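Asker: Have a look at this one.
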4 protein chains.
Amino acid sequence: MLPIIERVPIVQLASGDRLFIQVYKFIGDNPGPKAYIQSNLHGAEIAGNAVIHQLMELWQQVDASQITGEIWLVPVCNPLGINRRSQHFSSGRYHSYDGKDWNRIFWDYEKEATDINQFASSQINLNPDEIATNYRNIILKHFHKLQEEINAASGVPFVEQYRYQLQSLSLDANYVIDCHSSTNQGLDYLYCFSSREESAKAFLLDYAILMTEYDGDAFDEAGMKPWLALEKSLAQQGNPIQFEVESWTLELGTGMQMNPQSVAKGVRGIQNYLATKGMLEIPGFPLPETDLHSVNFIPKDRIRKYYATAGGMIQNRLPLGTLVKKGDCLYQLLSFDKTGELPQIIDIPAVESGLIADICTNYSANQGDYILSIFQGETDKFMIN
Amino acid sequence: MLPIIERVPIVQLASGDRLFIQVYKFIGDNPGPKAYIQSNLHGAEIAGNAVIHQLMELWQQVDASQITGEIWLVPVCNPLGINRRSQHFSSGRYHSYDGKDWNRIFWDYEKEATDINQFASSQINLNPDEIATNYRNIILKHFHKLQEEINAASGVPFVEQYRYQLQSLSLDANYVIDCHSSTNQGLDYLYCFSSREESAKAFLLDYAILMTEYDGDAFDEAGMKPWLALEKSLAQQGNPIQFEVESWTLELGTGMQMNPQSVAKGVRGIQNYLATKGMLEIPGFPLPETDLHSVNFIPKDRIRKYYATAGGMIQNRLPLGTLVKKGDCLYQLLSFDKTGELPQIIDIPAVESGLIADICTNYSANQGDYILSIFQGETDKFMIN
Amino acid sequence: MLPIIERVPIVQLASGDRLFIQVYKFIGDNPGPKAYIQSNLHGAEIAGNAVIHQLMELWQQVDASQITGEIWLVPVCNPLGINRRSQHFSSGRYHSYDGKDWNRIFWDYEKEATDINQFASSQINLNPDEIATNYRNIILKHFHKLQEEINAASGVPFVEQYRYQLQSLSLDANYVIDCHSSTNQGLDYLYCFSSREESAKAFLLDYAILMTEYDGDAFDEAGMKPWLALEKSLAQQGNPIQFEVESWTLELGTGMQMNPQSVAKGVRGIQNYLATKGMLEIPGFPLPETDLHSVNFIPKDRIRKYYATAGGMIQNRLPLGTLVKKGDCLYQLLSFDKTGELPQIIDIPAVESGLIADICTNYSANQGDYILSIFQGETDKFMIN
Amino acid sequence: MLPIIERVPIVQLASGDRLFIQVYKFIGDNPGPKAYIQSNLHGAEIAGNAVIHQLMELWQQVDASQITGEIWLVPVCNPLGINRRSQHFSSGRYHSYDGKDWNRIFWDYEKEATDINQFASSQINLNPDEIATNYRNIILKHFHKLQEEINAASGVPFVEQYRYQLQSLSLDANYVIDCHSSTNQGLDYLYCFSSREESAKAFLLDYAILMTEYDGDAFDEAGMKPWLALEKSLAQQGNPIQFEVESWTLELGTGMQMNPQSVAKGVRGIQNYLATKGMLEIPGFPLPETDLHSVNFIPKDRIRKYYATAGGMIQNRLPLGTLVKKGDCLYQLLSFDKTGELPQIIDIPAVESGLIADICTNYSANQGDYILSIFQGETDKFMIN
């Protein structure tokens, strides 16, 4: 089947030109849930574009009868971030105009909701589907009030207009997948909200960050937090429900690259996830290994980031994916003193044991520049069979 | 008298070079409070450097016997932000490395304090000076725990190290003054915390923004909020105290400029403020007009910012300082359509009445770019005699 | 009359979006020369957009019978440069990708022509119109060879593709006008090629830079130099001809602004110029003051630019348009030493007498940053009656 | 032996801070030629810093009696370029202030010399050493005239002051080595001036670009061109001499990295080169393989650079070092159309056969962005035994 393609204007530039996003909608014959998949929200994180392109190619061979519900795809979802260049580099992690991180701008209903407990108690006699419908309507009603400010003569900053456009497409979806990658060079893993660990398996990735703390206003958080808050409230009122609402951020390898292995994992994982959810009926899926797949969950507060403790050049850094013991030398800083002394070598030891999960692309470091990340824990925890 | 000059290393760069700040300390013969004054935290906001320089020149004619307590001056306090250039412009409002606004990075004790009420009740029998001393010691103790992370091999992002250095100098001060200006072109005014309105008069500025809401982690907020929280707690416990702790942000006109009128107002206001506080004894100060001076307080949530509702060029904008009525045309957007049409003129009306308090320097606007700010209110409120 | 509007694709961005320029063609009833007018080649230099817009408005009241030949208008001619932001600023003077100045990229036939003398002698028996036609054909033939490289699978850097698009529109024009302004804050003036001084008067501006030296590959130079070379060769061969080919760069005041006075001068000057050339027949034009208008020509090598001799803040700068004598203090640098010393004031004297013609917008200066420009000469030369 | 360390101030920043370079001088017991080696002129090209550091470590084990002449080392030679960050990236290829490529700013005596032929004929009876001395004195005399402008109150742009400082250190050297790398990801090779092919062997690299054309004002060119011009003039006058003056640019792999293999080749090559020139007497050097080493010379105009012919994402690119035949698919562009169509895959064939010598780090491409470089030629030419 061919997708329905919709073109959404995003911004008019000073030159009068306009930038767009396109939504590719695969609408199944059978009614059902909505899945929303986007990529390249951060300018350098392009791997998901290849993932979405390959899904589109694959699904052109699929019949509408094989899809239940609808799947919306939004590749290259952030034109301003994507087209940004600093010399040769894609520096669009934050908006160059105001420094706003493109993935910390989203509208989170939980932050303005004052009455979730009250809503929960009002739904006590309804079934989960009814509650979900009622809650979603409330969220959407509050969300669409934003339009007033956007349409006023006083306008809004671009990020507020842009988030409205993306969330208009995604806020009513059951399953949201946001394809990212490292800004630098990273392993493949995903972010998982507490209580959705079982669903995470379907992506068939080895590692998942468990959201023990929030960055604030990230795309996945803004979609998921209001539902987790409602579930918590219902549970406290003796009515434990888990809604069919899930939000995922996939981290597919290295920035400014579309590494074929990472892309293949993304394609496989998303197809398998949708098959598991009953939205996609294709031969062989869900893959038989899904049930046995074991995900290594790392609590978010167990990731330690290393920053340069002096200015200099990085050498002898342990490679991505290395298991390290506390005290192992992670890397050296070659620091060229400017006070008449010889250059100095500074050894940087691991503060705790763990797995090197992300490393910087740039081996030149001002003091305080990011160097690498470690998933901390006993090293045998990270052994993959 | 000459100040004591102290040099504080701020960062080692990749090239091995180091950047510094200098603290100029005027220490009076008589013990007393500490005042801390800094400038140029945002790269483009340079007017305060001239203010501090003129204060230094004036106080070299002053005798140590005329100063009670000590006054610390830190001009050009953010070398990384100041030296940053984007072509000819000082674009250092945020750190180019991570997009962090240089004035949203500071450590706020209130955010980690869990026991302010408990502390307040424990001090019930002490006098205000004793309470202040005890509280300051607690704040400083928590603050200096940050050093552990900074000194670890894993290091910290530059902004965390930098804030530690600036707050080490200022966190024990009674009076903190942070000299800013518009990033664009603005009136002269100051930010005032609730309950400090009376002290604000001494700066002899016409307008003050009343902090009805917080930006979060700003330099003035980080210094002041813990004390406001304690005062509130004490008051709730029937022990209303206002501590001799105040924190101010002065906005001295236009960015990338040191406008002589704005600088003169800054110099006059700071001298008058310190004289009012009894720290500076110079002839004629406090100025006689202080008592009668009336400050126009604008609640922070009454500032409305205008953003371009289309891409284009700005023309016929009303000038800075104009009083506008609702519906007045504030400016026009000349928008060059790229769909085969003629250019279009879009009139932008004022959404509410008020005073144009800030205007953008750049008349070319992508959709969502900032255009101007209005202090909203009836126009007669803003008439200055 | 309404212009014919043509839309020209300029670039496809990584996100798949495309940017365009639009050409607005006013085609007269009577055949005749071609005029080409563009604006905003440098991102911050927007004044010409208002000029072109006002010309379009005016000419919609004009009948095709009043125009001889055709006038092509290309406002906002450089979308990549125009939409570029560094924080709030329009930093698109050079392409952020490769540092290429947008006005130093153009194809100059003179640089590859090896046989201008030979061509000149081959035309000895032809009249000026025939020679012009033959020469233009040669230029265009060479120019369009560039298309081969552009269309090859190996592609070309964006600047080479972009220059091809702009020069395709302008290379066959008789009169080319490129509307710039200062990057900073400047007077209104124009650039004039040697031998075209008489034509320069029609723009009714007070100052003109006489091109005694070339920047290399500027838009005006690329259009004009081949013709000057042919004229020189013909003259050397005893056949002095001045072709009806002229190329002008107008400097209309301050960057990031559309100052109404500068815009009005641009509109008046261009209409008067076109009327003088017989292309535009509107009441009152050519303006009677044209004949008596005296332009103050400043040889290009008599402009002296001042750069900061130390790092610091600029104060007490003489204003734009000031006449200075050698030795006058132009400005002071307030330099905050970081070696434990007090700040220092450095007076900067004028090296020669002259007129302050351009000043920087940013009063914060790293050593070597641009401060101001002086048209050097005896000050009475610059007195305007 | 320990080097003598000299600290040279480079610039005072707006904040008052100063940046420096350090020169490490290994001065031999025996008088002789001067070698000058620098690294990191372009901000991202850091590999040479490790090379120079390792040379310093090695030579601390060497006795002054083993060195003839003096060897000056200048690592991290461009603090402004090195410390520059655009988000995480080292974008200091050009000066962010004015877009000037840091390696296209140098003073080239040949460009201002008007009398090289006359000088050549005046030296007809002198021996090569005398001629070299006389010529060098002339070059230095002209060079040091630049100081006048630098010291004037009007100052000079930073790049002109900076080049003066670097060339003051290097202009009297016999052997100049400038350690670069790819901005992106490249092979190891060097640039070789015509007539110095024999000397190039000592670096033991597989490829060398033969300078059949000049970039203009590069560091190596500025040092070498005046001497090549004199040699040519002398030869024309029947007095063929090759002076002991050589200038090299080493390209050591990938940008923002200090790849150990590239660094090792740099260390080995430089030691072997200096040993071959008789400046360094260490066991085993010159390496025995030097004589038999065969360098593959590629004329500069045989390098073809590929640029994106559409906007999109790069996939299936052939790896660095691949030999390709004309017509081979080098890479694909995945282009996300924004006109309501499906994404498109564009195959990019090799225009000519050759070796992939450099590839871009960023797989996201605006139209006209750089993709890769090919040393063009029959593929068997590039086979390495």
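Asker: Tell me which trypsin sites (Lys or Arg not before Pro) from segment C:112-170 have a DSSP coil assignment and no more than 16 other beta carbons within 10 Å of their own.
Answerer: On the way: sites: C:Arg136, C:Lys141, C:Lys145, C:Arg163; in loops: C:Lys145.
Within segment C:112-170, the qualifying trypsin sites (Lys or Arg not before Pro) (loop, at most 16 other Cβ atoms within 10 Å) are C:Lys145.
Asker: If you don't mind, another one. Can you list the distances in nanometres, one decimal and ascending, from the C:Pro299 label point to the identical position in each other copy, with the point 7 Å along Cα to Cβ?
Answerer: 4.2, 6.8, 7.8
Asker: If you fit an axis through the alpha-carbon atoms of helix D:219-236 and take the longest principal axis of the Cα set of chain D, what angle between them do you get, 0 to 90°, nearest 10?
Answerer: On a 0 to 90 degree scale, this one is about 60.
Asker: Same structure again: Roughly what % of DSSP beta bridges within chain B run antiparallel, to the nearest 5? Display every interim value, and only then the final one.
Answerer: Working: 44 of 69 bridges.
Within chain B, antiparallel bridges account for around 65 percent of the total.
Asker: Taking only the alpha-carbon atoms of segment A:43-173, what semi-axes of the equivalent ellipsoid follow from 5 times the gyration tensor eigenvalues under a square root, in whole Å, largest first?
Answerer: Working: eigenvalues 196, 130, 29 Å².
Three semi-axes, in Å: 31, 26, 12.
Asker: Which of rounded, prolate or oblate describes segment C:113-258 when judged by the alpha-carbon gyration tensor and an a/c cut-off of 1.5? Provide the component values of the computation, followed by the final result.
Answerer: Numbers: a/c = 2.45, a/b = 1.16, b/c = 2.11.
Taking the square roots of the gyration eigenvalues as a ≥ b ≥ c, segment C:113-258 is oblate.
Asker: Oh, and also: Under 13 Å Cα to Cα from A:Lys265, which aspartates and glutamates show up? Leave out anything in the same chain fewer than 8 places away.
Answerer: A:Asp188, A:Asp206, A:Glu251
Asker: With a sphere of radius 12 Å drawn around the Cβ of A:Pro3, what net charge do the other residues whose Cβ falls strictly inside it have (Lys, Arg +1; Asp, Glu -1)? Don't jump to the answer; show the numbers that get you there.
Answerer: Numbers: positive: A:Lys25; negative: A:Glu6, A:Glu57, A:Glu70, D:Glu341.
Local net charge: -3.
Asker: Dipole of segment A:4-294, Cα-centred, from +1 at each Lys and Arg C-beta and -1 at each Asp and Glu C-beta, to the nearest 20 debye?
Answerer: On the way: 21 positive and 36 negative charges, 136 e Å.
Result for segment A:4-294 is approximately 660 debye, rounded to the nearest 20.
Asker: State the percent of C-alpha pairs, over all pairs in the protein assembly as shown, separated by a distance greater than 66 angstrom. If you can, show how the numbers build up before the last one.
Answerer: Details: 146847 of 1185030 pairs.
Value for the protein assembly as shown: 12 percent of Cα pairs lie more than 66 Å apart.
Asker: How shielded is A:19-25 by partner chains, expressed as the average number of their Cβ atoms within 10 Å of its Cβ atoms? Walk me through the intermediate numbers first.
Answerer: On the way: counts 11, 7, 5, 11, 0, 3, 0.
Mean shielding count: 5.
Asker: Put +1 on the Cβ of each Lys and Arg and -1 on the Cβ of each Asp and Glu in segment B:302-382; which of B:Met313, B:Gly377, B:Val324 then has its Cα farthest toward the positive end of the dipole?
Answerer: It is B:Gly377.
Asker: Could you identify which residue out of C:Gln123, C:Gln61, C:Gln161 has the top mean-square fluctuation in a GNM of chain C using Cα springs shorter than 10 Å?
Answerer: C:Gln61
Asker: Residues of segment A:309-345 with the amide nitrogen closer than 12 Å to a label point 7 Å from the Cα of D:Ile5, along Cα-to-Cβ, please.
Answerer: Label zone hits: A:335-345.
Asker: So for the pair A:Lys381, A:Ile27, with labels modelled 7 Å out along Cα→Cβ, what separation do we get in nm?
Answerer: Result for the modelled spin labels: 4.7 nm.
Asker: Another question about this same structure. Zone of B:Glu244 (label point 7 Å along Cα→Cβ, backbone N under 12 Å): which residues in segment B:25-48?
Answerer: Flagged as within label range: B:31-35.
Asker: With all pairs of different alpha carbon atoms counted, what Kirkwood hydrodynamic radius in Å does segment C:302-382 show? Walk me through the numbers before you get to the answer.
Answerer: Details: mean 1/r = 0.0775 Å⁻¹.
The Cα-based Kirkwood calculation yields 12.9 Å.
Asker: Compute the helix-to-body angle for C:47-59: its Cα long axis versus the longest principal axis of chain C, expressed 0 to 90° and rounded to tens.
Answerer: For helix C:47-59, the angle is close to 40 degrees.
Asker: Within a 10 angstrom radius of each residue's Cβ in D:37-50, how many Cβ atoms of other chains show up on average? Whole number is fine.
Answerer: Details: counts 0, 0, 0, 5, 0, 0, 5, 6, 1, 9, 2, 0, 11, 5.
Per residue, the average neighbour count from other chains is 3.
Asker: Ok, one more. Treating cross-link reach as a plain straight distance, find the lysines whose alpha-carbon is under 16 Å from the alpha-carbon of A:Lys100, omitting any fewer than eight places away in the same chain.
Answerer: B:Lys100
Asker: Could you give the size of the charge dipole of segment D:263-385 about its Cα centre, using +1 on the Cβ of each K and R and -1 on the Cβ of each D and E, expressed in debye and rounded to the nearest 20?
Answerer: Numbers: 12 positive and 13 negative charges, 40 e Å.
Charge dipole, segment D:263-385, about its Cα centre: 200 debye, nearest 20.
Asker: Could you compute how fast chain C diffuses translationally, taking Rh as the Kirkwood radius over C-alpha pairs and applying Stokes-Einstein at 4 °C with viscosity 1.567 mPa s? Give it in µm² per second. Provide the component values of the computation, followed by the final result.
Answerer: Working: Rh = 22.5 Å.
Answer from the Stokes-Einstein relation: 58 µm²/s.
Asker: Now, a different point. Grab the beta carbon distance between D:Cys329 and B:Glu130, set R0 = 51 Å, and tell me the FRET efficiency rounded to 0.05.
Answerer: On the way: r = 80 Å, r/R0 = 1.56.
Efficiency for this residue pair is about 0.05.
Asker: Still on this structure, please answer the following. With charges only on Cβ, +1 for K and R and -1 for D and E, what is the dipole size of the protein assembly as shown about its Cα centre, in debye, rounded to 20?
Answerer: Values: 120 positive and 184 negative charges, 1 e Å.
In debye, rounded to 20, the protein assembly as shown gives about 0.
Asker: Helix-only estimate, please: 222 nm mean residue ellipticity of chain C, summing -39500 (n - 2.57) across DSSP H runs of length 4 or more and dividing by its residues, to the nearest 500.
Answerer: Details: 10 runs with 104 residues, N = 385.
Computed mean residue ellipticity for chain C: -8000 deg cm²/dmol.
Asker: Restricting to the protein assembly as shown, what percent of DSSP beta bridges are antiparallel, rounded to 5?
Answerer: Roughly 65 percent of the beta bridges in the protein assembly as shown run antiparallel, per DSSP.
Asker: Hey, how many Å between the Cα centroid of segment B:76-129 and the Cα centroid of segment A:157-194?
Answerer: 29
Asker: Here's something else I'd like to know. Taking only Cα atoms, what is the 0 to 90° angle, nearest 10, from helix A:128-144's long axis to the longest principal axis of chain A?
Answerer: So the helix axis and the longest Cα principal axis differ by about 70 degrees.
Asker: Name the chain D residue nearest the rotation axis between D and B, going by Cβ position, and give the distance in whole Å.
Answerer: Closest to the rotation axis on chain D: D:Asp17, 4.
Bear in mind that the values in this text are calculations on the coordinates, not laboratory data. As the structure is a prediction and not an experimental result, all values here were calculated from the model. We place every Cβ from the backbone using ideal geometry, glycine too, and count neighbours over all the protein chains shown.
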